[in-house]
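Below you'll find the structure I mean.
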Amino acid sequence: MSVGQNIPHDSSRGHVTGGSVFIDDRPLMTGEVQVLPIGVPAAAGTLKSIDFSEALKASGVLAAFTAQDLYHNSWGTIVPEQPILVADKIGYYDEPAVLLVGTDMESLLRAKKFVRFEVEKGPAIFTIDEAIAKQSFIYKANAFKVGDADAALAKAPHRLKGAFECGGQEHFYLESNACIAYPLEDGQMEIHASSQHPTETQHVVAEALGLSLHEVVCVVKRMGGGFGGKESQAAPFAAMAALVAQKMKRPARLCLSKDDDMMMTGKRHPFKNYYEVGFDGDGKILALKAHLYADGGAYADLSSSILDRAMFHVDGAYYLSDAFIEGSVVRTNLYSNTAFRGFGGPQGTMTIESIIEDIALYLKKDSLHIRELNCYQKDVRNVTHYGQNLGHNPLPDLFTELKKSSDYVTRRQEIDAFNARSKTHVKGLSMTATKFGIAFTARFLNQGNASVNVHKDGTVQVSTGATEMGQGVNTKIQQVVAHAFGIPAQAVKVMATSTEKNHNTSPTAASSGSDINCAAAMKAALGIQKRLAWLFQNILAGTPMNDIAECPTLDEAQLRFDEFHFEDKMLTHLPSGKSLSWEDIVKQAYFNRMSLGEYAHFKTEGLGFDKKTSQGTPFKYFTNGVAVSEVQVDLLTGEYKILRSDILMDLGRRINPGIDRGQVTGAFVQGMGWVTSEKLFHNKDGKLLSHSPTTYKIPNVQDTPRVFNVEFIENHENRENVHRSKAVGEPPFLLGISVWTALKDAANAKSKGLISTLKSPATPEDMLLELARHE
Ligand code: MTE
Ligand code: QUE
Ligand code: MOS
């Protein structure tokens, strides 16, 4: 019974002993070269020429390559418009333009300063409002429409109009983008990359080098974190390394420094969302009109899908009867923004959570009252603004239970008393929710494949398209396969991901990596289980080995599969109670010349969304949770502490409770960092200034909630997914928003009627400025 157990992450030992191999831990090959990409020193305009002649004379430098050396110089997951290396038009400051190649990184870093760029600077756009004014757009979404928002707004007793703004976020994975390209025979190429999307890496490398897909293999053992940042943007760096490997016929290693990675790669999309909301005197939302603007940066990347997901999540946990939601992605002269845990969901949901705090202040009511009043219900008010029925909806129960277990009502009273009394501090309290749609909204991505091989000694190797980035997908796959065969988890190894074994795979993303790949692996395992059951059925019937026919399909009814049970390293025939050990049945299958390997393809059923009408079922199911955070702000400095956060989530029946707990706490803290201390600064030329941990502040252990309670509800109703589990990777990120709404609640406690203008992130400095508005 491996499923449901807290077995350790398959790399936990390796990560703490140093045994885990990341890209730059791979041993140096004879003749291997190092690659250093160098970015242009301007955010917009034209690159006229690059002079690297002096750099080439430096010791240790072997070569330099530019856009002209590539067979094909554009890539892009959705729109192929981004250069791998700048050819002429410049998109953003520090955009890679030249590859310096040498024997070692020290030499390359010394030689870097001798590279000269001739640039004709052009006008640059750095903000969403500038981009709107100049009509600089990448994508406009079809509007989402339900009811009649204009009429409902006109009739609403109260209206608020405003703009909600949130900033970008650096992924801050511990392993920067990294890859090594090994040239093989006949011009083939083997890429080892830190990538969430080996298939796209294979694709971009092949195209850039003028190869076909069958001439390129991409292998991913693991990542030192991805968080969405290595979904699309790992690929161009692999193409750079592969270009060098192809030209020099030597292995080429490209491992970015933290600073270069931060300057060159995209981040979470900043959003500025204009809205008008109508509500009644009790706080019931009657209408919402919104236009979401995402800052896509210089290129399209995944921005259109990210905007879509923001528009799908603008309801948060709250029913909208009449809504009109528009969305646009603007083009600016900043690094191209990309996938980041939540994929637009946080930016959408935070808008309505912010609006609810405003309504509460306006009506002088507790924000939790407004939330409970508007929360999606079970039988009525349970259809989203895009027409999907929520099905089994635990949200009302989650609110009720957390309100009780966190002692919300009493603490609110205590906080009110504290705020009336204290001259030096102000406290805030707020509960927010997550209702995260599980599935790629791009329907074709909801597929995967797996192969399961049982070896003669009964141990098992599994290969899928899932990539391990710390989230524990390998451990979950290991558990479901071990469970299927009734063998210990240690008897199953999940192998490195490779496009040679699993092809045409989707990125490990949208929180559905574990769902899809566990399902594919279980399907493959089932094929083997059936053959073993068939064999045992024949053995029990006394069929001579030579006469055992091919295993029939279940429909042919000769195999009574449900009479067989795999558990405790035994295959048991339930009616007779007879059993054979796992090792024995495997050996017998081998000697009887039966296949002990299986490949399976899985696709998520039941998805259908019509882009024209913006109605349908984009998601398989939803993962829900609620969190309540309490903060204390110093009125003199704006500095704050998170005194307590309580989380309650519905993850169905968890495959690995410990791993899921880690995902919940990790995502919450990452979300909290986004809304509090993680702020990106650029100079007037658009160069990123906050490009290292000294200038970019992620949460550390003292910043996390002083009291931190994480609990789960029992839910055995999720029949949609593997062993009734629910996806966990991204949904709890949105619960970090409760820290920001609590900060807003604290500032609102000092408001004399002014509606908050607090933006996200709310750094201590921002808190001080917001408090000063109310003096
Ligand atoms: N957890 C760790 N430790 N490291 C990561 O990079 N990425 C997150 C989440 N949890 C990430 C993580 C993101 S953005 C996604 S989409 C999911 O994991 C992907 O994995 P899954 O689909 O298997 O849950
Ligand atoms: C969530 C995601 C992704 C998504 C949609 C989601 C994602 C992703 C894509 C995507 C969309 C169009 C493409 C493509 C990928 O959509 O990660 O190749 O053509 O890559 O709801 O996480
Ligand atoms: Mo996660 S942002 O879908 O890689």
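Around ALA152, under 14 Å between beta carbons, what's the net of Lys plus Arg minus Asp minus Glu among the other residues?
Net of charged neighbours comes to 0.
I'd like to check one number: the per residue accessible area of the range 245-369, probe 1.4 Å, reported in Å² as a whole number.
Heavy-atom SASA per residue in the range 245-369 reads 20 Å².
Please report the net charge: other residues with Cβ closer than 11 Å to the Cβ of SER74, K and R +1, D and E -1.
Local net charge: -2.
Could you work out the relative contact order of the range 152-248? I mean the mean sequence separation of Cα pairs under 8 Å and 6+ apart, divided by the number of residues, in percent.
Value for the range 152-248: 34 percent.
Okay, moving on. Please report the spacing between the Cα centers of the range 155-177 and the range 355-410 in Å, no decimals.
So the two Cα centres are separated by 20 Å.
What are the residues whose amide H is under 5 Å from the amide H of SER498, where those residues sit 5 or more places off or on another chain and H is modelled from the backbone?
Those lying under 5 Å, H to H, from SER498 are VAL220.
Related question: Of the heavy-atom accessible surface of the chain (probe 1.4 angstrom), what whole percent is carbon and sulfur?
Using a 1.4 Å probe with all protein chains present, the chain comes out at 52 percent carbon and sulfur.
If you average the C-alpha positions of the range 676-723 and of the range 180-229 separately, how far apart do those two centres end up, in angstrom?
29
I've got another one for you. Which of the peptides 120-127, 445-452, 434-441 is most tightly packed, and how do the rest follow, going by the mean number of other Cβ atoms within 10 Å of each residue?
Averaged packing, sorted descending, gives the order 434-441, 445-452, 120-127.
Select from GLN233, TYR293, MET223 the residue farthest towards the positive end of the dipole of the range 212-346; place +1 on Cβ of Lys and Arg, -1 on Cβ of Asp and Glu, and compute about the Cα centre.
MET223
Expressed as a rounded percentage, what relative contact order does the chain have, with Cα pairs under 8 Å and six or more residues apart?
With pairs under 8 Å counted, the relative contact order is 15 percent.
Show that you can apply the helix-only estimate: for the chain, add -39,500 (n - 2.57) for every DSSP H stretch of four or more residues, divide by all residues, and state [θ] at 222 nm to the nearest 500.
So the helix-based figure for the chain works out to -9000 deg cm²/dmol.
With unit charges on the beta carbons (Lys and Arg positive, Asp and Glu negative) and the dipole taken about the Cα centre of the chain, which residue among GLN188, THR467, ALA541 sits farthest to the positive side?
Highest projection toward the positive end goes to THR467.
Which value, in Å², gives the accessible area per residue of the range 514-622 when a 1.4 Å probe is used on the protein heavy atoms?
53
Percent relative contact order of the range 53-189, based on C-alpha pairs within less than 8 angstrom and at least six residues apart?
19
State to the nearest 20 debye the size of the charge dipole of the range 230-277 about its Cα centre, where the only charges are +1 on K and R beta carbons and -1 on D and E beta carbons.
In debye, rounded to 20, the range 230-277 gives about 340.
Sort 183-190, 620-627, 339-346 for me by packing, meaning the mean count of neighbouring Cβ atoms within 10 Å per residue, highest on top.
Most protected by this proxy first, the peptides run 339-346, 620-627, 183-190.
Any idea how far the Cα center of the range 35-95 sits from the one of the range 567-607, in Å?
54
Counting only residues 5 or more places away or on other chains, whose amide H sits under 5 Å from the amide H of GLU711 once H atoms are built in the peptide plane?
Those lying under 5 Å, H to H, from GLU711 are ILE647, LEU648, MET649.
Which order, highest average first, do 325-336, 235-246, 556-567, 369-380 follow once you tally other Cβ atoms within 10 Å for each residue and take the mean per peptide?
Ranking the peptides 325-336, 235-246, 556-567, 369-380 by packing returns 235-246, 325-336, 369-380, 556-567.
In the range 629-718, if the dipole is taken from +1 on Lys/Arg beta carbons and -1 on Asp/Glu beta carbons about the Cα centre, which of THR665, HIS682, LEU636 is farthest to the positive end?
Result: HIS682.
Assuming R0 = 35 Å, can you tell me the calculated FRET efficiency for the pair ALA154 and ASP397, based on Cβ-Cβ distance, to the nearest 0.05?
0.50
Eight or more residues apart or on different chains, and alpha-carbon atoms under 15 Å: count the Lys pairs in the range 655-775 matching that.
For the range 655-775, the number of qualifying lysine pairs is 5.
Place a +1 charge on the Cβ of each Lys and Arg in the chain and a -1 charge on the Cβ of each Asp and Glu, then give the dipole magnitude about the Cα centre in debye, rounded to the nearest 20.
About 800 debye.
Just how large is the dipole of the range 232-375 about the Cα centre, in debye to the nearest 20, putting +1 at every Lys and Arg Cβ and -1 at every Asp and Glu Cβ?
Working: 16 positive and 17 negative charges, 215 e Å.
Here the size comes out at about 1040 debye.
The values are calculated or read from the model by the stated rules, or taken from the named source; none is laboratory data. Keep in mind it's a predicted model, so treat the numbers as computed, not measured. Cβ: placed from backbone, ideal geometry, glycine included. Neighbour counts: every protein chain shown. Accessible surface areas use protein heavy atoms only, side chains included; no ligands, DNA or RNA. Shrake-Rupley method; radii C 1.70, N 1.55, O 1.52, S 1.80 Å.
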